[in-house]
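So the structure is just underneath, and the comments pick up after that.
We did not get these values from a lab; they are worked out from the coordinates using the rules stated. This structure is a prediction, so every number in the text was calculated from the model and none was measured. In this analysis, Cβ positions are derived from the backbone assuming ideal geometry, glycine residues included, and neighbour counts consider all displayed protein chains.
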Amino acid sequence: MNTHELRWWRRRPALWVALLLVVAVALSTVLFVRHQGDKGRMAAGTSRPGDYAVSDTSLYRTFQLVVPGASVMINAEVGQRAALVDDKTYDVTRVKAPHGGQLVHLEWSVSGPWLGGAPHTGDHTSSLAVRSRTTSVVLDRAITAPVVGSAGSGDDDRHEALVAVPGELADLQVTVTFQGRTQSISLASGERRLGAFASLYRPRAAGAQVSLTRDQPTDGQSPYRWFCHAEVNGLTRTPYVDALGWAPAGHEWVVVSGAGVRASDRPAEWIEGGRLAGYERDGKPQVTVTVNGEHPETSVSAAQPTKDRLLTARDYVFSIHTGDAATVEVEAVVPAKRGKGEDRHAPARTTVRVGKTLSAPAVVDPAPRVSR
């Protein structure tokens, strides 16, 4: 601008004022439009509790994630806008996804213990999160299974939240973490990364079968009859137990539940030549439990005596190679002595030896990292 032009503008201050007003109005309009566009927009990485309805759903998926001792059922909905209606005032709260991001509404409930016969996993909790490429938002840090014998999951056990995350739909995952290990599922594809939890997703295989029970002397001509029974309730495979933590790489825990012996107060009788004598227990029964010939790592429940019959039963944990067949052998020894006033022709003492063998077939895990 030359000197002549500068003098011309200086002589017309009204034009300056008008120009500034035009700029101010334009800037205000831009800011207003931007404000209106951002009104109700959630910041990436934030979440809100509540039963939000996603109005422009781009994806809806229902799935289950399993952890030791519990199962988490999840409904996930993804979109750009959502609304929440107040049940009392009927006011509507409307929200939008962050710029370049997504809104994810999650509803989840917990049931369990999922594995019949597995020992309790202690008071350990699982955490649930929604993850994008750059952000992870934890929605629940205290997921625990209902107590055994409770009514189970209901409306009061249902949880809901809306979370805002950056990134594309293809980036979104839901993760569950338990005792330092994490599994995830892609919301877009449904692919799972199972990691340490893979064995919990095995197809239902044939259950363990009792292949041998020994409740009487092996010699059919023996004068003794036994009133004792070796017991075993079942066998469960799991990657984690509270007493031992996670199984070593390439191994899994096998939990043999309710293994022991049931013996009456009169565990044996002697019958010979028309003579009869009854025996009573003489000390504690001794129980040995093995899986594939190996002894347990630990036992995880106390003996359970009853009034008229002695039940010595515990849960035992073994380590085996992942997926191997498992043969459980329960051997019980019950020492007995001739009862008072019984026929003295009978031996003063005898030993009851009963056993039970349980066989479980080999099993195969899903792909350890990714499965549909």
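Show which aspartates and glutamates lie in cross-link reach of Lys337 when reach means a straight Cα distance below 18 angstrom and same-chain residues fewer than eight apart are skipped.
Those aspartates and glutamates meeting the cut-off are Asp265, Glu269, Glu272, Glu280, Asp282, Asp308.
Extension gain Arg266-Arg41, at 0.36 nm per residue separation less the Cα-Cα distance, in nm? Working shown, then result.
Details: separation 225, 0.36 × 225 = 81.00 nm, distance 7.71 nm.
Roughly 73.3 nm would be gained on extension.
Under 13 Å from the Cβ of Ser359, count the other residues' Cβ atoms, weight Lys and Arg +1, Asp and Glu -1, and hand me the total.
-1
How much length, in nm to one decimal, is gained on full extension between Ser211 and Ala243, taken as 0.36 nm per residue of separation minus their Cα-Cα distance?
Values: separation 32, 0.36 × 32 = 11.52 nm, distance 2.94 nm.
Result for the pair: 8.6 nm of gain on full extension.
State, as an integer percentage, the relative contact order of the range 210-358 based on alpha-carbon contacts under 8 Å between residues 6 or more apart. Don't skip to the answer; put the middle values down first.
Working: 369 pairs, mean separation 45.1, N = 149.
Computed over the range 210-358, the figure is 30 percent.
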